[in-house]
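Shown next, in structure tokens, is the structure this report addresses.
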Amino acid sequence: MSIKIAKEIVMDKEEMRNAFCSVLMELAENNKDIIVLDADLMGAMGTRAFQKKYPEQTVNCGIQEANMIGVAAGLSAVGKIPFAHTFAPFATRRVCDQVFMSAAYARNNVKIVGSDPGITASLNGGTHMPFEDMGIMRGLPELTVLEPTDITMLKWMIKEMAATYGVQYMRLVRKNCMKVYEEGSTFEMGKAVQLCDGTDVTIIASGYCVAEAYKAASLLKEAGVSARVLNMFCWKPIDQEAILKAAEETGAIVTAENHNVINGLGSAVAEVLVKNRPTPVEMIGVQDEFGEVGPVDYLSERFKLNASYIVEAAKKVIARKA
């Protein structure tokens, strides 16, 4: 890994969907096996440019998500590397059996991309707001389950997915996100990234919540609390070593995720701890609720996903230390 944290964590001017398309175009230039599939959302995902340049490597399956996974599996069976995209609820809930049977069980090489995770679905509302997608995919055997933090990580991740055989699920924001890493940073699958060190508590965060966790660590520092922040961008396989090290050295854990706490990142971290080193844990995330319509700032407060709630959880879990 070669990682450089951004000097200032602010909103990136580039949209994630544009970076998604540009990296796939870069890969397709030298690899005719790269195939982009979509379920009638190429305009929303910004991949029309890919379709225009590589029409022979593009399949718009229409609003037939389950069929799209079957087509992707078939393409994999003849040596292609398919990236199949639709909104995250449709890339997981709607196609679960096809992912299990045609992709995973058949041990094909299928890359599944679900966009607008959690509250970033925003004005699309509750039907399109996936708080359970990572949990669904985490429960399927042999899948790798990923959430890029920003555009820098996204660019690295797509290349890594293309080069690694197997079924992978990646959820990503379509539009703007916070810039956490400087361009050129590289990562390692299954290894958490430590954004800052601390001795009193560890905040383990993913996706949207990483920037909020970093902000929370600064607020805690002002209050005399030393907080470590880990970016757990790979939920499966999860970095057990980093979790257990944090438990040993800080004795208290807060998880923060743009996802249901049931079968989410908090559950994955707790599974590691309960089997190896029981440690107090507080979970910031959606508390078994459906989504709703609203801007991201409103939804972040509505579902208690922002830095102020992470700070509260950190203080609470520190008080629970033996």
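The values are calculated or read from the model by the stated rules, or taken from the named source; none is laboratory data. Only a predicted model underlies this, so the values are computations on that prediction, with no experimental measurement involved. Here the Cβ is made from the backbone with ideal geometry for all residues, glycine too, and neighbour counts use every protein chain on show.
Within region 89-110, the set of residues being outside any helix (DSSP H, G or I) and of a type outside the set (Val, Ile, Thr) comprises 93, 94, 106, 107, 108, 109.
Go through 75, 41 for me and flag whichever is under 24 Å from residue 120 (Cα atoms) and assigned by TED's automatic domain parsing to the domain that holds residue 133. Walk me through how you get there before you give the answer.
Values: 75 fails: under 24 Å from residue 120 (Cα atoms).
Unique residue meeting the criteria: 41.
Could you tell me whether residue 271 is in a helix (DSSP H, G or I), without any contact (Cβ under 8 Å) to a residue 40 or more places away in the chain and surrounded by fewer than 19 Cβ atoms within 10 Å (Cβ to Cβ)? Give the derivation first.
Values: in a helix (DSSP H, G or I): yes; without any contact (Cβ under 8 Å) to a residue 40 or more places away in the chain: yes; surrounded by fewer than 19 Cβ atoms within 10 Å (Cβ to Cβ): yes.
Considered against the rule, which asks whether it is in a helix (DSSP H, G or I), without any contact (Cβ under 8 Å) to a residue 40 or more places away in the chain and surrounded by fewer than 19 Cβ atoms within 10 Å (Cβ to Cβ), residue 271 comes out as yes.
Output yes when any residue across region 116-128 is farther than 30 Å from residue 302 by Cβ, assigned by TED's automatic domain parsing to the domain that holds residue 144 and of a type outside the set (Gly, Ala, Ser), and no when none is.
Among the residues of region 116-128, not one is farther than 30 Å from residue 302 by Cβ, assigned by TED's automatic domain parsing to the domain that holds residue 144 and of a type outside the set (Gly, Ala, Ser), which makes the answer no.
Filter region 143-191 down to residues that are crowded, with 19+ Cβ neighbours inside 10 Å and of a type in the set (S, T, N, Q) and give me whichever is farthest from the chain's Cα centre (by Cα). In this case the residue turns out to be 185.
For residue 36, the conditions (1) assigned to a helix (DSSP H, G or I); (2) crowded, with 17+ Cβ neighbours inside 10 Å are fulfilled apart from (1). Restricting attention to region 164-199 and to residues that are part of a loop (DSSP other than H, G, I, E, B) and among the aromatic types (Phe, Trp, Tyr), the residue that is farthest from residue 3 (Cα to Cα) turns out to be 165. Checked against (1) touching a residue at least 40 places away in the same chain (Cβ under 8 Å); (2) under 22 Å from the mean Cα position of the chain (by Cα); (3) assigned to a helix (DSSP H, G or I), residue 86 passes all but condition (3).
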